[in-house]
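Let me begin by presenting the structure, written as structure tokens, before commenting on it.
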Amino acid sequence: MQYIIQPNADGSYPDFSPAALADELVAACGSSFSMSTFGYTLEFDQTASGNEDAITTVITAHLTAPASVARALAFQLAGVEAYSRALDLNGGYPVVLSETTYWIQSDEVNKTRVIVFSGMGANIPSGIDWTCMDETVIPVNQAFATAAFTAGIEQSAAISKAANVHKANMQALAAADGATAVSVLGYDYTTGWPPTYKDH
């Protein structure tokens, strides 16, 4: 079974929480089938056969109901996770060598390169260069590898700390008297992060 969520008349899509919807489906229809989400397409395995009407009813109710505080919080927490992950992988981080700051890549491939070089210590072969995010080319040596390794750990830790602060703030907001889905969804978690290459 496949269910495609349709946009509203204004082109926007209805509020949708995959985790909350999965819980609602289990409560209403049992847990004998699985659901996969691909954007706004929901795919159900063959064990959903015979439950199509019940499943459709639950999905329709989920999409038309006002967002609850719990659903809003779950949506925002997922947003923080995605945002922090993107910063950690794509934001780059500063490495200071001889009082000069170089911005290097923070994706998994380049982090692995830094780890390998740092583990080589003084045995890094000569003639290896690193092209920074601004296309500056610098030699890869023990000093660079050590500084890059340390700076990468510090940047990831700072991003994780900022994410935890946002999560705590949103959880407190959701738990406050008079909290609404609108107030939780209105929380801006895109500020308060460590600088990235585009910010410097």
Test: residue in the range 182-198 that is buried (at least 19 other Cβ atoms within 10 Å of the Cβ), in contact (Cβ under 8 Å) with a residue 40 or more places away in the chain, under 27 Å from the mean Cα position of the chain (by Cα) and in a helix (DSSP H, G or I): yes
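If a residue counts only when it is at pLDDT 75 or above and either under 23 Å from the mean Cα position of the chain (by Cα) or acidic (Asp, Glu) (or both), which strands (runs of 3 or more DSSP E) contained entirely in the range 1-52 have at least 3 such residues?
Per the criteria, 41-44.
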Any chance residue 86 is in a helix (DSSP H, G or I), in contact (Cβ under 8 Å) with a residue 40 or more places away in the chain and not acidic (Asp, Glu): no
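Tell me, yes or no, whether the range 148-156 has at least one residue that is under 30 Å from residue 14 (Cα atoms) and of a type in the set (Asp, Glu). Reasoning before the result, please.
Residues of the range 148-156 that are under 30 Å from residue 14 (Cα atoms), as a first pass: none.
Scanning the range 148-156, I find no residue that is under 30 Å from residue 14 (Cα atoms) and of a type in the set (Asp, Glu), so the answer is no.
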Those residues of the range 147-169 which are crowded, with 16+ Cβ neighbours inside 10 Å and either touching a helix residue (DSSP H, G or I) at 6+ places or on another chain (Cβ under 8 Å) or over 30 Å from residue 184 (Cα atoms) (or both), in sequence order: 147, 148, 149, 151, 152, 155, 156, 159, 162, 163, 166, 167
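The values are calculated or read from the model by the stated rules, or taken from the named source; none is laboratory data. Since the structure is predicted, the reported quantities are computational estimates derived from the model, not experimental observations. All Cβ positions, glycine included, derive from the backbone under ideal geometry; neighbour counts span all protein chains shown.
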